[in-house]
Amino acid sequence: EPEVTQTPSHQVTQMGQEVILRCVPISNHLYFYWYRQILGQKVEFLVSFYNNEISEKSEIFDDQFSVERPDGSNFTLKIRSTKLEDSAMYFCASQPRGGSGANVLTFGAGSRLTVL
Amino acid sequence: DAKTTQPPSMDCAEGRAANLPCNHSTISGNEYVYWYRQIHSQGPQYIIHGLKNNETNEMASLIITEDRKSSTLILPHATLRDTAVYYCIVSRDDKIIFGKGTRLHILP
């Protein structure tokens with residue numbers, strides 16, 4: 001069964017460092033998402049991406065965050081200068097199409113980011 | 001501004017049917033009901049969705065009331081591996097937003 005692949009599975013970084021989390025969505029999917037989950041809290045929407053541009057972003061997704069689809073397969077989330085509160089599990093998701101009734105997302109296993 | 005209301009937790013005996021309720025009294029005509037679950041700290045997993053008809057797949061059944069103000073997710077024969085947080089989400093064609101869900105404990 002096709003799956004969304006995320007790397008790294010766990011990254012430890014120092015506060016202020018840049019971090020790039022990588023995702024390989026399912027190959028024929030067109031819509032891509034990043035979510036995050038702080039330990040013990042709910043899964044929060046960060047950003048959606050379609051046709052090589054951001055379609056929607058949350059209040060969490062400030063200027064420190066950026067997303068990119070540098071080639072035909074990878075979808076990346078960059079955090080420019082990490083803060084302690086960025087420590088969380090980050091989930092990538094993809095879906096095959098848009099439109100009503102189409103929010104069937106496939107999620108990756110997540111990348112755990114620990115900021116020291 | 002939660003669109004859905006779910007009990008925070010439920011228990012179900014292994015082998016029995018797990019019935020998870022969800023209220024969505026403000027649902028609009030073109031919004032779908034989606035169910036996802038999250039097992040421990042894994043990525044959320046899609047289960048099923050529907051508009052107004054009852055739906056069934058290999059994982060579960062979804063029963064939506066005629067007025068569409070509530071629904072029930074049914075896991076017909078719950079196993080220990082079904083222990084997870086279950087999310088009922090109402091959405092049209094925009095993003096999926098997760099609430100707190102129902103923590104389902106399957107008891108041996």
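Some observations on this one:
- The range A:66-116, relative contact order [Cα under 8 Å, separation at least 6], %: 35
- Solvent exposure of the range B:20-108 amounts to 49 Å² per residue of accessible area, where only protein heavy atoms count and the probe is 1.4 Å.
- For the range A:20-69, the relative contact order is 24 percent, taking Cα pairs closer than 8 Å that sit 6 or more residues apart in sequence and dividing their mean separation by the residue count.
- Stretched out straight at 0.36 nm per residue, the stretch from residue B:79 to residue B:54 would grow longer than its current Cα-Cα span by 6.7 nm.
- Where both bridge residues fall in chain A, DSSP classifies roughly 90% of the beta bridges as antiparallel.
- Neighbour-limited loop hits for trypsin sites (Lys or Arg not before Pro), the range A:1-84 (at most 11 other Cβ within 10 Å; DSSP other than H, G, I, E, B): A:83
- Between residue B:9 and residue A:71, the simple spin-label model (points 7 angstrom out along Cα→Cβ) gives 4.7 nm.
- In percent, rounded to a whole number, the relative contact order of chain A is 38, using alpha-carbon pairs under 8 Å and six or more apart.
- Both the radius of gyration and Dmax for the protein assembly as shown are 17.8, 54 Å, in that order, over alpha-carbon atoms.
- Convex hull volume of the Cα atoms of chain A, normalised per residue: 106 Å³.
- Virtual spin-label span in nm between residue A:84 and residue A:24, 7 Å along Cα→Cβ: 3.7
- In range of the label at residue A:114: residues from the range A:21-55 whose backbone nitrogen is under 18 Å from the point 7 Å along Cα→Cβ: A:21, A:37-41
- Separation between Cα centres of the range A:1-61 and the range B:36-108, rounded to whole Å: 22
- What you get for the protein assembly as shown, charging only the Cβ of Lys and Arg (+1) and of Asp and Glu (-1), is a dipole of about 260 debye around the Cα centre.
- Sites counted here are GluC sites (Glu not before Pro) in a DSSP loop (not H, G, I, E or B) having no more than 14 other Cβ atoms within 10 Å; the longest part of chain A that contains none of them is A:60-116.
- Of the cross-linked pairs A:57/B:52; A:78/B:3; A:57/B:69; A:57/A:78; A:83/B:3, those separated by over 20 Å at the C-alpha level are A:57/B:52; A:78/B:3; A:57/B:69; A:83/B:3.
- Association of chains B and A removes close to 1600 square angstrom of accessible area from solvent, both sides included, for a probe radius of 1.4 Å.
- Relative to the Cα centre, the charge distribution of the range A:13-116, modelled as +1 at Lys and Arg Cβ and -1 at Asp and Glu Cβ, gives a dipole magnitude of about 300 debye.
- The range B:1-74: GluC sites (Glu not before Pro) in DSSP coil with no more than 16 other Cβ atoms inside 10 Å: B:14, B:58, B:66
The values are calculated or read from the model by the stated rules, or taken from the named source; none is laboratory data. Predicted model only: the values in this text are computed from it and were never measured. Neighbour counts are summed over all protein chains in view; Cβ atoms, including those assigned to glycine, are modelled from backbone coordinates with ideal geometry. The area values use the complete protein model at the heavy-atom level, side chains included, leaving out ligands, DNA and RNA. Shrake-Rupley method; radii C 1.70, N 1.55, O 1.52, S 1.80 Å.
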